[in-house]
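Derivation of every value follows stated rules applied to the coordinates shown; laboratory data play no part. Please read these numbers as outputs of a predicted model, since none were measured by experiment. We place every Cβ from the backbone using ideal geometry, glycine too, and count neighbours over all the protein chains shown.
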Amino acid sequence: MKILIIHQYYLFPGQPGSLRFNEMARMWSERGHQVSVIAGNLNYSTGASIARSRGRWVLRERDGKVNVLRCHVPASYTRSYLGRMWAFFAFTLSAATAALSVPRPDVIIATSPPLLTAIPGWIVARMRGRRVPWVFEIRDLWPESAVTTGVLSASSLLTRVLYAIERWACRSADRVNVLTPAFREDIVRRGLANPEDIVFVPNGADVEFFKPGSRDNPMRHELGWGDRIVVLYAGAHGRANCLRQLVDVADRLRDRREILIACVGDGPERGLLSAQVQCRGLTNIRVHGPQPKERMPDIVNACDMGIAVLQNTPTFRTVYPNKIFDYMACAKPTVLAIDGVARELVCNEAAAGVYAEPENAEAIAAAIRGLADDPQARQVMGERGRRWVVEHAGRIALAERYLGILEGLACPPAGPRRGWSHRVKLRLKHGLDRIAACFALVLVAPLIVILALLVRIKLGAPIFFRQERPGHGARSFRIIKFRTMRAGAGTDAERMTHFGAFLRRTSLDELPELWNVVRGEMSLVGPRPLLMEYLDRYTAKQARRHEMKPGVTGWAQVNGRNAISWQDKLALDVWYIDHWSLWLDVKIVFLTLWHVAHRTGINAPGEVTMPEFKGSPADNLKPKTMQTR
């Protein structure tokens, strides 16, 4: 498969910064795919173009097996925000030229910001004869981020034009990939894309590159940290990062000489940050500047805790800064001065850090003091973070998931041929699902309120359990259920409460999924939505379970539920796909009521529900193209 990536910030070998697409392009090319990247020719750490590209509109080079086209970006990029806007526009022109010169790809990714990368992506996808599927990736909400940080005026003509481009890009792309669930919610709320066209492949960490190591390594001595407790900020030094708050924090930690804040990275605000440190005469904060990527694991391992900060604006409650994954991969706890989804992930889901209000220097300083005084808490949080990243955010698994999405677009598998009557019946099914779910929500609303209060009293916050699950075509959506387990570490059996077990026995924990049905993400009847990590473990036949929307109940649920083997359960899902009818759905609904009343098949022997699905004996026969559809 020929994959084209349009990414202005694709890094040069050894350049510091986010390696997300460098790593994915390398992995995909090693799998035998032909990967080309259209990128800028600036070194964004120094603001200068590489010598070999000067005077050239497009430079062709190789990064291992990856074909890279370095396109002209004006040096005005680092001079001012107006200069940066001009640089974005110029890259759009040079990238469009390069896009027309590459061999026709099978699938395209255009990743934003900058938002204008969507234009060369669309040109290749729609103006080269045969239509090519393309993915518009949103790493940050633009132009909303620029508006909330004060870079752009909300009422300006430029801002309105950028919002129009964002809307056009989301609606014209075949898929929109988002890096956080909050991005998805924002896009759906504004009607920019259909929910079924949005996929979720987040940031993550290279858990083999970033892994726990010695704290007292040569890097600690080279940077002059000595025996101090080091709080590391590793990342961009831009306006959105609001690093002046670290200066304020250092000012409030003058009495703790053993604590040092170390800043590693680069950006337009680095000079101002150094000037503020010098002006206040602070010796407990250091600005080290950019570091080569090969040094970063040792730098992270040499610190005692990481810190992530952003401006205190609503937009930044939707982002996961990439640095938090690197901290967790090295088993370092995180002081998180970012609210929203990052707080939910780091402090609640992974339990790998402490939260402090953004731009509140007193609160951030207090959080640092607390961790500095509790080395055991630092160790426990670090271990939790490492375990969470390995299980959920390893770059290899994410690259495989992304590749499955691309293969599903480029080479959609041919299922059984269905006539027009089948398609009409499916539309009728989805319409009836939504109508029935609306009525059901009204009828059970008092029960839902009572259960929510009981969950809050017996289990605490949050009341609902939300998780990304694969839906129709293996596209992700966020399922919502009542929480049944206590938060924190431990096995499912250890965290399960008597009240939670009651909710599961009676299937009352599933009631909030009616909202997923109303939103069109689920059906009342269909294969149950399993975990995202199971996608690459299915056989080609088992993967067909995603040919229909997942259901609140299903054929497997009324034929053994969790008391049967995974192979039997998945075989029943595929049987349902092949034999579906409206009358079968009616039958399943009535059988579900009978089974719930008799509480059958709730769990596998010796398990709270089911053991983890590890794959089928025939898994090695499954082609990788069947990971998703």
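Remarks
- Straight-line reach from residue 481: taking Cα to Cα under 13 Å and skipping same-chain neighbours fewer than 8 places apart, the aspartates and glutamates in range are 468, 509, 510, 513.
- Cα-only Debye scattering, region 254-361: base-10 log of I(q)/I(0) at q = 0.15, 0.22 Å⁻¹: -0.72, -1.39
- Axis of helix 157-172 versus longest Cα principal axis of the chain: the two differ by about 40°, to the nearest ten degrees.
- Phi angles of region 365-375 translate, via the Karplus equation with coefficients 6.51, -1.76, 1.60 and θ = phi - 60°, into HN-Hα couplings of 4, 5, 5, 5, 4, x, 6, 4, 8, 9, x Hz per residue; Gly and Pro are given as x.
- Anisotropy class of region 84-139 from Cα gyration tensor, a/c 1.5 cut: oblate
- Tilt relative to the chain, helix 566-579 - C-alpha long axis, 0 to 90 degrees, to 10: 70 degrees
- Rg(Cα) / (2.2 N^0.38 Å) computed for region 293-346, rounded to two decimals: 1.16
- Residue ranges 327-335, 395-403, 376-384 sort as 327-335, 395-403, 376-384 when ordered by packing (mean number of other C-beta atoms within 10 Å per residue, highest first).
- Ranked packing of 241-247, 303-309, most packed first, by mean Cβ within 10 Å: 303-309, 241-247
- From the alpha carbon centroid of region 84-107 to that of region 274-288 is 41 Å.
- Once the Cα atoms are used to define both axes, helix 420-459 deviates from the longest principal axis of the chain by about 70 degrees.
- Taking a ≥ b ≥ c as the square roots of the eigenvalues of the alpha carbon gyration tensor, region 180-337 is oblate, as a/c is not under 1.5 and a/b does not beat b/c.
- Whole-number Å³ per residue for the convex hull built on Cα positions in the chain: 167 Å³
- Taken as Cα centroids, region 143-190 and region 553-589 sit 40 Å apart, rounded to the nearest whole angstrom.
- Beta-bridge orientation, the chain: approximately 25 percent antiparallel, per DSSP, counting only bridges with both partners inside.
- Backbone HN-Hα couplings from phi across region 468-480 [Karplus 6.51/-1.76/1.60, Hz, Gly and Pro as x]: 6, 10, x, x, 4, x, 6, 6, 7, 9, 9, 7, 10
- Residue 198 long-range amide H proximity, modeled H, under 5 Å: 176
- Built amide H within the under 5 Å cut-off of residue 230, gap 5+: 260, 304, 305
- Between residue 338 and 356, the built amide H atoms are under 5 Å apart, and every one of these is 5 or more places off in sequence or on another chain.
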